[in-house]
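**Q** Shown below is the structure under consideration.
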Amino acid sequence: MIADDSPMNSPMNSPLTSMINKLPASFSFGVATSSYQIEGNSFGGCGRSHWDEFARQPDKVFNNEDGAIGCDHYHLFETDLDLIADAGFDSYRFSLSWPRLLPERAGGVNPEGIAFYDRLIDGMLARGLTPNATLYHWDLPLYHAAEGGWQARDTASYFADYTDLVMRHFGDRLAMIAPVNEPWCVSFLSHYWGHHAPGLTSISATAKAMHFIQLAHGLSVQVMRSHGHKQIGCVLNKEFGVPADNSDETARLTALFDGIYNRWFEESVFKGRYPDDVLAILAPYMPEKFELDLPIIASPLDWAGVNYYTRSVIAPDKDEPHFGFKCISGNLPKTDMGWEIAPEGLSYFLRRLASRYAPDLPIYVTENGMANSDRLINGRVDDAARTAYFANHLAEICSLTAEGVPVAGYYAWSLLDNFEWAFGYDKRFGLVHVDFKSQKRTPKSSYYYWQAALNP
Ligand code: GCO
């Protein structure tokens, strides 16, 4: 592990340089963001999403904050694109907001929404940034949420219609595209653990959401393909489970955790099936004839994306009614989220994806980064721990590419400090500090280290 005591503002000695030099010249570097977390959805005729509804309920979100203003990226996007280009990144992974484009149930397309994404995408192209778009990063229109959200088959069909709209207006300018960000978060985290909108804790809702979000992915891929797009991917988040003890039972539970978190999504997208161990539990609650949808879910892709942050330590939990495990705190160094720093988990998943699921596809790390207790002092933020985090994860990728695993790019999460979902604006993931009162952007030391390494 690289120590996190790198001197601030000596970017010429960037700890990222040696890693970047070991990667192929064609390797792509970018930053990632998402619409609800940065745009500010009180501007430009944006409709309401289930996140607004969730945030409105007392104590669901830290300080009862929401995405109404975000980072005001809606107005400041030129500044933000300049920051990306000036750092030397070549790609920008962003998401389009479904309720910004279709704010009302039957109200037609919002021209201000179309105009905003036209400006944004053209701004990327003008700066030589490759647009990598995600169509759904969790901002489900409230009117669809009111009709069952991801528990309803119709939502997947509506998502296909929305995909068609995006493809017609923007498709030829989007170099890379993926339907859904992190289907595990959309389904399990939001419908079983209730941590995210819509905040449910129901096994029946979970099973349905775990299937219909996958169906939405497959239908959307088919629409993208019908428009002739050739760089369609998926963005799956992965968490590395380690058993809390050496018992056979804990080993079984850790495998089950892997099934729910990781294999459910990999197996369905790449193999057209759900894993038996998870299905054995969810079967009674699954939608009728779900099997018939699996070939749609497994529609061929052109690239595979992995979001990776941390690992989980898995322990038995006799009180857990359906799965029998809980995630407990481990003993590795932790980020400000309390997430353990475990770069070897990233290698594990990239290697597994390449060998077991997607042997012919280029793989992108579509998100990786950490929350840090950053402080703005005399106009500077020294986030040496974040630079070390990036360096340690890039080191894993260097070893993999040397082995021949086809990792083609890496996106740091995130460009800006932003609305970190249930944690509100309290947890800071950005390369760039945001003062949420003035909206002033201040690049942190990690930003300058990227800049030094990407502009040798
Ligand atoms: C996710 C999302 C991002 C988060 C990031 C940090 O992975 O949860 O894609 O929206 O902000 O991961 O938690």
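Coordinate-derived values only; no laboratory data. Keep in mind that this is a model prediction, so the values were computed, not measured. Reconstructed Cβ throughout: ideal geometry from the backbone, glycine too, with neighbour counts over all protein chains shown.
**Q** From the phi angles alone, apply the Karplus equation (6.51, -1.76, 1.60; θ = phi - 60°) to region 60-73 and give each ³J(HN,Hα) in whole Hz, x where the residue is Gly or Pro.
**A** Result, ordered by residue: 7, 10, 3, 6, 6, 7, 8, x, 4, 10, x, 9, 6, 4 Hz.
**Q** Between Ala315 and Glu403, what length in nm is gained on full extension when 0.36 nm per residue of separation is reduced by their alpha carbon distance? All intermediate terms of the calculation are to be shown ahead of the outcome.
**A** Values: separation 88, 0.36 × 88 = 31.68 nm, distance 3.34 nm.
Length gained between Ala315 and Glu403: 28.3 nm.
**Q** Pairs of lysine in region 197-319 with Cα under 21 Å and at least 8 positions apart or on different chains: total?
**A** So the count works out to 6.
**Q** With θ set to phi - 60° and the Karplus curve 6.51 cos²θ - 1.76 cosθ + 1.60, what are the ³J(HN,Hα) couplings of region 231-242 in order, to the nearest whole Hz, using x for Gly and Pro?
**A** Whole-Hz 3J(HN,Hα) from phi for region 231-242: 10, 9, x, 9, 10, 9, 8, 10, 9, 8, x, 10.
**Q** Long-range amide H contacts for Trp193: which residues qualify at under 5 Å (H placed 1.01 Å from N, peptide plane, sequence gap of 5 or more or a different chain)?
**A** Close amide H contacts, sequence-distant or interchain: none at all.
**Q** Using only Cα atoms, figure out Rg for region 11-454 and give it as a multiple of 2.2 N^0.38 Å.
**A** Cα-based Rg divided by the globular estimate yields 0.92.
**Q** In region 11-454, if the dipole is taken from +1 on Lys/Arg beta carbons and -1 on Asp/Glu beta carbons about the Cα centre, which of Gln222, Pro333, Ile397 is farthest to the positive end?
**A** Ile397
**Q** I'd like the Kirkwood hydrodynamic radius of region 210-298, using the inverse of the mean 1/r over distinct C-alpha pairs, in Å. Mind showing how you got there, number by number?
**A** Working: mean 1/r = 0.0697 Å⁻¹.
Radius from the Kirkwood sum: 14.4 Å.
**Q** On to the next question. Scan region 296-350 for trypsin sites (Lys or Arg not before Pro) in coil per DSSP, keeping those whose Cβ has at most 10 other Cβ atoms within 10 Å, and list them by number.
**A** Here the trypsin sites (Lys or Arg not before Pro) that fit, given the DSSP loop and packing criteria, are Lys318.
**Q** Once you keep just the Cα pairs under 8 angstrom separated by 6 or more residues, what percentage relative contact order results for the chain?
**A** It rounds to 21 percent for the chain.
**Q** Next question, about the same structure. I need the fraction of alpha carbon pairs in region 289-365 separated by more than 14 Å, rounded to a whole percent.
**A** 73 percent
**Q** Over region 12-158, what is the mean sequence separation of C-alpha contacts under 8 Å (at least six apart), divided by residue count, expressed as relative contact order in percent?
**A** 30 percent
**Q** If you don't mind, there's one more thing I want to ask. Identify, among Pro284, Thr310, Ser299, the residue whose Cα sits farthest towards the positive end of the charge dipole of region 216-317, taking +1 on the Cβ of Lys and Arg and -1 on the Cβ of Asp and Glu, with the dipole about the Cα centre.
**A** Sorting the options by dipole projection puts first Ser299.
**Q** Relative to 2.2 N^0.38 Å, what does the C-alpha radius of gyration of region 72-122 come to as a ratio? Two decimals please.
**A** 1.33
**Q** What is the projected area of the convex hull of the Cα atoms of region 21-73, averaged over all directions, in nm²? Mind dumping the intermediate values first?
**A** On the way: hull surface 24.0 nm².
The Cα convex hull of region 21-73, projected and averaged over all directions, gives 6.0 nm².
**Q** Mind putting a number on the dipole of region 11-454 about its Cα centre? Charges go on the C-beta only, +1 for Lys and Arg and -1 for Asp and Glu, and I need it in Debye to the nearest 20.
**A** 480 debye
**Q** Continuing with this model, one more query. Quick one: Debye curve from the C-alpha atoms of region 149-284, no solvent, what's log10 I(q)/I(0) at q = 0.09, 0.10, 0.16 Å⁻¹?
**A** So the normalised log intensities are -0.30, -0.37, -0.85.
**Q** Within a Cβ distance under 11 Å of Leu189, other residues only, what is the Lys/Arg minus Asp/Glu net charge?
**A** Computed value for this residue: -2.
**Q** Would you tally the net charge around Tyr143, using a Cβ to Cβ cut-off of less than 9 Å, leaving Tyr143 out, and scoring K and R as +1, D and E as -1?
**A** 0
**Q** For Ile377 paired with Thr79, estimate the spin-label separation in nm (one decimal), with each label point 7 Å from Cα along the Cα-to-Cβ line.
**A** Going from the Ile377 label point to the Thr79 one covers 2.5 nm.
**Q** Give me the Kirkwood hydrodynamic radius of region 225-378 in Å, from all C-alpha pairs, to one decimal place? Kindly include the intermediate steps, with their values, before the conclusion.
**A** Values: mean 1/r = 0.0575 Å⁻¹.
Evaluated over region 225-378, this radius sits at 17.4 Å.
**Q** At 10 °C and 1.306 mPa s, grab the translational diffusion coefficient of region 311-456 from Stokes-Einstein with a Kirkwood Rh over Cα pairs, rounded to a whole number in µm² per second. Please report the intermediate quantities before stating the final value.
**A** Details: Rh = 17.2 Å.
Rounded, D is 92 µm²/s.
**Q** Using a 7 Å offset from the Cα along the Cα-to-Cβ direction at both Glu249 and Ala283, what is the distance between the two label points in nm, to one decimal?
**A** The two pseudo-label positions are separated by 2.4 nm.
**Q** How far, in nm, would the chain grow between Asp118 and Leu292 when pulled straight, counting 0.36 nm per residue and subtracting the alpha carbon separation?
**A** Computed gain between Asp118 and Leu292 is 58.9 nm.
**Q** Beyond 22 Å, what share of the Cα-Cα pairs of region 23-159 remains, rounded to the nearest whole percent? Don't jump to the answer; show the numbers that get you there.
**A** Numbers: 3875 of 9316 pairs.
The calculated P(r) of region 23-159 puts 42 percent of pairs beyond 22 Å.
**Q** Among Tyr143, Pro111, Asn64, whose Cα lies farthest out toward the positive end of the dipole of region 64-145, if unit charges sit on the beta carbon of Lys, Arg (+1) and Asp, Glu (-1)?
**A** Tyr143
**Q** Moving on. If you take every DSSP beta bridge whose two residues both sit in the chain, what share of them, in percent to the nearest 5, is antiparallel?
**A** Just about 25 percent of them are antiparallel.
**Q** Sticking with this structure for a sec: Per residue of the chain, what 222 nm ellipticity follows from adding -39500 (n - 2.57) for every DSSP H run with n ≥ 4, rounded to the nearest 500?
**A** When only DSSP H runs of four or more count, the value is -11000 deg cm²/dmol.
**Q** Amide H to amide H under 5 Å from Asn372: which residues, 5+ apart in sequence or cross-chain, H placed 1.01 Å off N in plane?
**A** Asp336, Arg428
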